[in-house]
1. Do you know which residues across the range 287-302 are buried (at least 16 other Cβ atoms within 10 Å of the Cβ) and either of a type in the set (Ser, Thr, Tyr) or part of a loop (DSSP other than H, G, I, E, B) (or both)?
2. For the list (1) in contact with a Phe, Trp or Tyr (Cβ under 8 Å, 6 or more places away or on another chain); (2) more than 17 Å from Ala240 (Cβ to Cβ), I need the number of the one condition that Gly158 fails.
3. When you scan the range 239-261, do you find a residue that is at pLDDT 95 or above, assigned to a loop (DSSP other than H, G, I, E, B), of a type outside the set (Phe, Trp, Tyr) and surrounded by 14 or more Cβ atoms within 10 Å (Cβ to Cβ), even just one?
4. Need pairs with beta-carbon distance below 7 Å; first residue touching a residue at least 40 places away in the same chain (Cβ under 8 Å) and within 19 Å of Phe306 (Cβ to Cβ) and within the range 162-191, second aromatic (Phe, Trp, Tyr) and part of a loop (DSSP other than H, G, I, E, B); sequence gap 6+ or separate chains.
5. Considering each of Ala190, Ala183 in turn, give the residue that is buried (at least 23 other Cβ atoms within 10 Å of the Cβ), at pLDDT below 95 and hydrophobic (A, V, I, L, M, F, W, C).
6. Take the residues in the range 206-258 that are under 15 Å from Gly194 (Cβ atoms) and charged (D, E, K, R), then tell me which one is farthest from the chain's Cα centre (by Cα).
7. Which residues, counting only those in the range 207-228, are surrounded by 21 or more Cβ atoms within 10 Å (Cβ to Cβ) and either touching a strand residue (DSSP E or B) at 6+ places or on another chain (Cβ under 9 Å) or touching a residue at least 60 places away in the same chain (Cβ under 8 Å) (or both)?
8. Spot the failing condition for Gly155; the list is (1) in contact with a helix residue (DSSP H, G or I) (Cβ under 9 Å, 6 or more places away or on another chain); (2) small (Gly, Ala, Ser); (3) in contact (Cβ under 8 Å) with a residue 60 or more places away in the chain, and only one is missed.
Amino acid sequence: MEAYLEWTKTFQWPIIVAFAILALCSLLIDLTDLKSKKNRQRRGSRLLWTLAFALFLFGGFVPNTIRGWGTYVGPKDLVVYFIIFVASLLLFFFAGRRMAKGKSSLWNKLFEGATTELPRKFDKKKLIIASHNAGKVREIGDLLAPFGVEVVSAGELGLDDPEETGVTFVENAVIKAEAAANATGLPALADDSGLVVHALNGEPGIYSARWAGPQRDFMLAMSKVNEALENKEDRSAHFAATLALCWPDGHLETFEGTVHGTLVWPPRGDQGFGYDPMFLADGQDITFGEMDPAKKHSMSHRADAFGKLVAACFGG
């Protein structure tokens, strides 16, 4: 006990400074979370705030307020602020549980930035696929078929493609999903995906479709990738996909998936689309372009993201 008391007295100021830094980090996370509503950020915020409270209380604020700054802390003070510490944790997690259950109360307003949300379940009969890419629409439609959801593409509805101004797959998927949901008044699912080539610093990445030119000539795009990889030993790459599911009221869920592999030349197969004919997934001896669609759907980057979507929003 005496050693702990001496530690508290010696390190109270560094601990209080650490509290201030953690509190500032939590505030910044909350500010960036105002629009994105990302559960991961909210979990991080709650963790930071919990650590902040623990450091703040155990750092000597309560006992030093009672006995005066710099005063030696006694055992009775330890009991007092330990009780306050436990009470603060209970309050925090009680507030988090109430908000997670969707109960509207004063706690929601007080702790809105520091709590988590449960994923929203999809219970509609129709879903807009915010894409004009027939291959993507077909693949997503196949993955959604077991859930009895009527799928309609943005192309069928004559919706224009929104300008993709994001700098990540997540941002661009969100832009497309929100635009389709706002235009139709129905939930919309958008996909943004691309080929990430490690030796090319991640290119073509979010510009994968643009490398195919205005005519969406992916033979041209694959040739550009292969030319860029000349004289490079590393031909590893991965497909990355983000699915963004947006409701008309603005609620948003996002899910990311990847599949790693190697790029081959010349391209092989005509079963897939995009860069599939030159992508050989790890552990496979045929490209995505040669692979049966059902097998590809079970292991693709989009399937990885879709599995997370189903688990979160379709109760699968």
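The values are calculated or read from the model by the stated rules, or taken from the named source; none is laboratory data. Everything numeric in this text was worked out from a predicted model, so none of it was measured. Quick reminder, even Gly has a Cβ in these numbers, built from the backbone with ideal geometry, and neighbours come from all protein chains shown.
1. Thr287, Phe288, Gly289, Glu290, Met291, Ser300 - these are the residues of the range 287-302 that are buried (at least 16 other Cβ atoms within 10 Å of the Cβ) and either of a type in the set (Ser, Thr, Tyr) or part of a loop (DSSP other than H, G, I, E, B) (or both).
2. Gly158 satisfies all of (1) in contact with a Phe, Trp or Tyr (Cβ under 8 Å, 6 or more places away or on another chain); (2) more than 17 Å from Ala240 (Cβ to Cβ) except (1).
3. No: the range 239-261 contains no residue that is at pLDDT 95 or above, assigned to a loop (DSSP other than H, G, I, E, B), of a type outside the set (Phe, Trp, Tyr) and surrounded by 14 or more Cβ atoms within 10 Å (Cβ to Cβ).
4. Qualifying pairs under 7 Å: Ala181/Trp247; Pro187/Phe122; Pro187/Trp247.
5. None of the others qualify; the one that does is Ala190.
6. Lys224
7. Ser208, Trp211, Ala221, Met222, Val225
8. Gly155 satisfies all of (1) in contact with a helix residue (DSSP H, G or I) (Cβ under 9 Å, 6 or more places away or on another chain); (2) small (Gly, Ala, Ser); (3) in contact (Cβ under 8 Å) with a residue 60 or more places away in the chain except (3).
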